[in-house]
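**Student:** Here it is, the structure in full.
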Amino acid sequence: MGLSEAMLFAFAATIICAFAIAEKIIDIDFEQFMPKNLKKAKMKRILAKRETPLQGARLQKDIKDSFENVLLPLGKADKGYLPKRMDLTFRRKMVHQVELLGKRKLCRDIQVTDVVPLPKNNFKRWNDDGREWRESILQCSSLERLISPQSGKTVHQIYRKNSYLRILQSRHIRHSDRQGKNKEFYSDKGTIICPSCGAEVELSSQQVICPYCGGVIQSEFYDWQTEVFEIYEKMGANMQYGLLLLAYSGIMFLCLTLCLYLIKDTDISLTIGVIATLLILLGIAKIFQSKEEKQEKLPKEIVRYSENYLRSCINDALYKDVNKPDLMDYGIGSIILKNVVNTDKTTEITATAYGSETYLPESGKPYTKKTKTTLVLQRARYPERRKTDGAFFKEKDCPSCGANFIPDEHNCCSFCGYSFQVDNAKWVIKATGES
């Protein structure tokens, strides 16, 4: 069989197989083509007048408040709207972004519509490294705009039909409270009875003022601090399946073409071509599986490992002194561990951190640049416990999370557990290499 005939035959066989597979894995939702789901209708709903960004989104209060604590300062370009409880690294990033928006005389307005209802956007909770974590991801359609507050003119906008808003928060868990079988800590500490007037007061920090009698109430309540906020657009399932099917079809077409061209018997060549396609796909799957297994194995070699804490340390080290005048937003996303070396006293890791940097030039549209950095980090192999209990005696401002708090008897922050005596749990960067 000639090359042109082999290619034509292989193309026909590939198309038949691709359509047969697509029918099984791809589910087309025709509802997205209805008038109410078109961009014009969604934009009308997004731009509807509302008091707050998530008004009318039918979200439970704690999720709504968590997102609006970030959206409101950006929408107003005002640091005064920033909540008191934030991770210090995240606060530094937010302050830098708000200040740059102020210099450019702009505000970053993010509005959403068609938020997917519960339970999909509810908080996902877990515990690690002495902290309780919660994460919420809102699936919606969103419009992100850079607006001039003076003229009301939109300088730049991004419409995301399949948008995701993600927020990650954590709070300190005292060691004594972690001894039981509780899965949700301090869930009953949302309100407190005022000892002066008996009114029920909502707790928002360790010290609150009663709105009825003005009494100052001290509490050992551990409230949530924001660690991460992201907005992005995610590829739909049908698109993912379509790309995988396209890759499979390409491999199958090449295998069938070569077999039909080199082997005279058509039946044998088709059989060998299909088998070769399956073997190649199995080989690729095996490579990805081995990488995943390595990523699951390496963290187990690190005592008290927390990927979120590692990400915070990397963000703190790379962006502690932001000297790029146009840099508006930044952050580290996924982290791939490459190697772990343990000695008697230290743990040294090699990791590749993937992130993004968004720039807002003085003249021109904002743009985003992807980053990839290889780092060598080190810390004590057996870090001292950063989360303790004890009597409270003197207020301080924590250099780790920024909270105004009263240290425990071991001189640790009661919110994030940061130790003022020793900080050998923190990852320190020894070397970096950007690519």
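The values are calculated or read from the model by the stated rules, or taken from the named source; none is laboratory data. All of these numbers come straight from a predicted model, not from anything done at the bench. Please note: Cβ atoms are built from the backbone with ideal geometry, for glycine as well, and neighbour counts cover all protein chains shown. Only protein heavy atoms, including side chains, enter the accessible area calculation; ligands, DNA and RNA are left aside. Shrake-Rupley method; radii C 1.70, N 1.55, O 1.52, S 1.80 Å.
**Student:** For the pair Y232 and E301, what calculated FRET efficiency results from E = 1/(1 + (r/R0)^6), where r is the Cβ-Cβ distance and R0 = 22 Å, to the nearest 0.05?
**Tutor:** FRET efficiency, E301 to Y232: 0.10.
**Student:** Compute the distance from the alpha-carbon center of segment 53-84 to that of segment 5-44, in whole Å.
**Tutor:** 38
**Student:** Starting from the residue with the highest accessible area, list W126, W224, W133 in decreasing order, probe 1.4 Å. Don't jump to the answer; show the numbers that get you there.
**Tutor:** Working: W126 70, W224 35, W133 5 Å².
The most accessible residue leads, giving W126, W224, W133.
**Student:** Just to verify a number: FRET efficiency for K345 and W126, C-beta to C-beta distance, R0 = 41 Å, to 0.05? Present the calculation step by step, with values, prior to reporting the outcome.
**Tutor:** Details: r = 30 Å, r/R0 = 0.72.
Taking R0 as 41 Å, the efficiency between K345 and W126 is 0.90.
**Student:** Shape verdict for segment 1-119, please, from the Cα gyration tensor: rounded (a/c under 1.5), prolate (a/b greater than b/c) or oblate. Walk me through the numbers on the way to the answer.
**Tutor:** Values: a/c = 3.06, a/b = 2.22, b/c = 1.38.
Prolate, because a/c is 1.5 or more and a/b exceeds b/c.
**Student:** Enter the Cα centre distance for the pair segment 255-285 and segment 114-165, rounded to the nearest angstrom.
**Tutor:** Cα centroid of segment 255-285 versus Cα centroid of segment 114-165: 46 Å apart.
**Student:** Another one. Share of segment 297-366's accessible area from carbon and sulfur, percent, 1.4 Å?
**Tutor:** Numbers: 1620 of 3390 Å².
C and S fraction of accessible area: 48 percent.
**Student:** Multiply the residue separation of R50 and V116 by 0.36 nm, subtract the distance between their alpha-carbon atoms, and state the gained length in nm to one decimal.
**Tutor:** 21.9 nm
**Student:** Round to the nearest 0.05 the FRET efficiency obtained for Y382 and D78 when R0 = 41 Å and r is the Cβ-Cβ distance. It would help to have the intermediate numbers written out before the result.
**Tutor:** On the way: r = 44 Å, r/R0 = 1.08.
So, using R0 = 41 Å, E works out to roughly 0.40.
**Student:** Report the gain in length on full extension from I193 to V274: 0.36 nm times residue separation, minus Cα-Cα distance, nm rounded to one decimal. Before the final figure, lay out the partial values.
**Tutor:** On the way: separation 81, 0.36 × 81 = 29.16 nm, distance 7.18 nm.
So the chain would gain 22.0 nm between I193 and V274.
**Student:** Of the listed peptides 4-12, 287-295, 158-166, what is their order by residue-averaged count of other C-beta atoms within 10 Å, with the highest listed first?
**Tutor:** Working: 4-12: 15.2, 287-295: 10.7, 158-166: 17.1.
The most tightly packed comes first, giving 158-166, 4-12, 287-295.
**Student:** Per 10 Å bin from zero, what fraction in whole % of the C-alpha pairs of segment 77-168 is there, up to the bin with the longest pair?
**Tutor:** Per 10 Å bin, starting at zero, the Cα-Cα P(r) for segment 77-168 comes out as 14, 33, 37, 14, 2 percent.
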